[in-house]
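Undergrad: Below you'll find the structure I mean.
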Amino acid sequence: TSFGDAPNTHTCPVCLGLPGALPVLNAEALRMAISASLALGCAVQPRSVFARKNYFYPDLPKGYQISQFDLPLALHGELTIETEARRARIGILRVHMEEDAGKNVHGVGSDSIVDLNRAGTPLIEIVGDPDLRSAAEAVEYLKRLREVLMFLGVNDGNLEQGRFRCDANVSVRKVGEGRLGTRVE
């Protein structure tokens, strides 16, 4: 697929989940995921499993996403960051592979459409431990992670085209409290 191409011009029977179409593991995506896992100090697991995460979204034509939630590719790594406040090792809980969904596009004339060009595209999800303590640390973490992935050739780091994305989960802990608050994405 290519950013900016006309909607729904890069699809296939597998990505669309058409009857009889079965997914096949992308060997290059697996190589890149293992490379990223090792660079982050994660332990690549001898066994990982793909499963279906069921969602009912218009940009998910199969009604499920193929992902490695229960038995991921790699576990327990870290990334060292440095801010004015501190130098810290930020834990990496897991690295797993999954497929991307499509994209809802609004403002096409007076309509909204579903663009399935990127549906089924392999990606890796890197899940960090709740070790970041400030916005400055979050920025530094993402900058450092982006540098590592770009150096490896796993990612080109292009934020504008959605090739490096972040879903932030935030928990607020009041001063003096031992427990984190409710996590919100």
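The values are calculated or read from the model by the stated rules, or taken from the named source; none is laboratory data. The structure presented is a predicted model; accordingly, all values stated were derived computationally and were not measured. So basically every Cβ, Gly included, is an ideal-geometry build from the backbone, and we count neighbours across all protein chains shown. Accessible surface is based on the protein model in full, side chains and every heavy atom, while ligands, DNA and RNA are left aside. Shrake-Rupley method; radii C 1.70, N 1.55, O 1.52, S 1.80 Å.
Undergrad: Evaluate the relative contact order of the range 38-167 (contact order divided by residue number), counting alpha-carbon pairs under 8 angstrom at least 6 apart; express in whole percent.
TA: 20
Undergrad: Of ALA135, ALA51, ALA88, which has the largest mean-square fluctuation in a 10 Å C-alpha GNM of the chain?
TA: ALA135
Undergrad: Keeping every protein chain present and rolling a 1.4 Å probe, give me the accessible area per residue for the chain in Å². Walk me through the intermediate numbers first.
TA: Numbers: 11910 Å² over 185 residues.
Counting only protein heavy atoms, the per-residue value for the chain is 64 Å².
Undergrad: Find, among the chymotrypsin sites (Phe, Trp or Tyr not before Pro) in the range 17-71, those assigned to loop by DSSP (not H, G, I, E, B) with at most 13 other beta-carbon atoms within 10 angstrom.
TA: Working: sites: PHE50, TYR55, PHE56, TYR64, PHE69; in loops: PHE50, TYR55, PHE56, PHE69.
Passing sites in the range 17-71 are TYR55, PHE56.
Undergrad: Angle between the Cα long axis of helix 27-39 and the longest principal axis of the chain, 0 to 90 degrees, nearest 10?
TA: Relative to the chain, helix 27-39 is tipped by roughly 10 degrees.
Undergrad: Hey, another quick one. Taking all pairs of different Cα atoms in the range 1-55, averaging 1/r and flipping that mean, what Kirkwood radius in angstroms comes out?
TA: On the way: mean 1/r = 0.0696 Å⁻¹.
One over the average 1/r among Cα pairs gives 14.4 Å for the range 1-55.
Undergrad: In addition: Roll a 1.4 angstrom probe over the protein heavy atoms and tell me the percent of accessible area of the range 8-75 that is carbon or sulfur.
TA: Its accessible area is 63 percent carbon and sulfur atoms.
Undergrad: Using a simple spin-label model with points 7 Å from Cα along the Cα→Cβ vector, what separation in nm is obtained for VAL175 and CYS12?
TA: Output for this residue pair reads 5.7 nm.
Undergrad: Moving to a separate point now. Go through PRO46, LEU16, PRO58 and say which Cα lies farthest out towards the positive end of the charge dipole of the range 1-78; charges sit on Cβ, +1 for Lys and Arg, -1 for Asp and Glu.
TA: Final value for the positive-end residue is PRO46.
Undergrad: Going through the range 69-99, which trypsin sites (Lys or Arg not before Pro) have at most 16 other Cβ atoms within 10 Å and a DSSP loop state?
TA: Numbers: sites: ARG86, ARG87, ARG89, ARG94; in loops: ARG86.
Hits after loop and neighbour filter: ARG86.
Undergrad: Can you give me the relative contact order of the range 1-111 as a percent, contacts being Cα pairs under 8 Å and 6 or more apart? Could you put the intermediate results ahead of the total?
TA: On the way: 148 pairs, mean separation 24.9, N = 111.
Relative contact order of the range 1-111: 22 percent.
Undergrad: Separate question: Assigning unit charges at the beta carbon (Lys, Arg +1; Asp, Glu -1) and nothing else, what dipole magnitude in debye, to the nearest 20, does the range 48-170 show about its Cα centre? Can you show the working numbers first?
TA: Numbers: 15 positive and 19 negative charges, 31 e Å.
So the dipole magnitude of the range 48-170 works out to roughly 140 debye.
Undergrad: Going from most exposed to least, what order do MET32, MET150, MET97 have by accessible area with a 1.4 Å probe? Intermediate results must be reported in sequence, preceding the final value.
TA: Working: MET32 50, MET150 80, MET97 10 Å².
The ranking, largest first, comes out as MET150, MET32, MET97.
Undergrad: Now, a different point. Between LEU71, LEU145, LEU22, which gets the highest mean-square fluctuation from a Gaussian network model of the chain, Cα cutoff 10 Å?
TA: LEU22
Undergrad: Are there any trypsin sites (Lys or Arg not before Pro) in the range 112-185 that are in a DSSP loop and have at most 11 other Cβ atoms within 10 Å? List them by number.
TA: Numbers: sites: ARG118, ARG133, LYS143, ARG144, ARG146, ARG163, ARG165, ARG173, LYS174, ARG179, ARG183; in loops: ARG118, ARG133, ARG163, ARG165, ARG173, LYS174, ARG179, ARG183.
Hits after loop and neighbour filter: ARG165, LYS174, ARG179, ARG183.
Undergrad: If you wrap the range 45-152's Cα atoms in a convex hull and average its projection over all directions, what's the area in nm²? Mind dumping the intermediate values first?
TA: On the way: hull surface 37.1 nm².
That works out to 9.3 nm², a quarter of the Cα hull's surface.
Undergrad: Roughly how many whole Å is it from the C-alpha centroid of the range 124-159 to that of the range 59-75?
TA: So the two Cα centres are separated by 21 Å.
Undergrad: Still on this structure, please answer the following. If you build a Gaussian network model of the chain, linking Cα atoms that sit under 10 Å apart, which residue out of GLY102, GLY120, GLY20 swings the most?
TA: Comparing GLY102, GLY120, GLY20 in the GNM, the peak value goes to GLY20.
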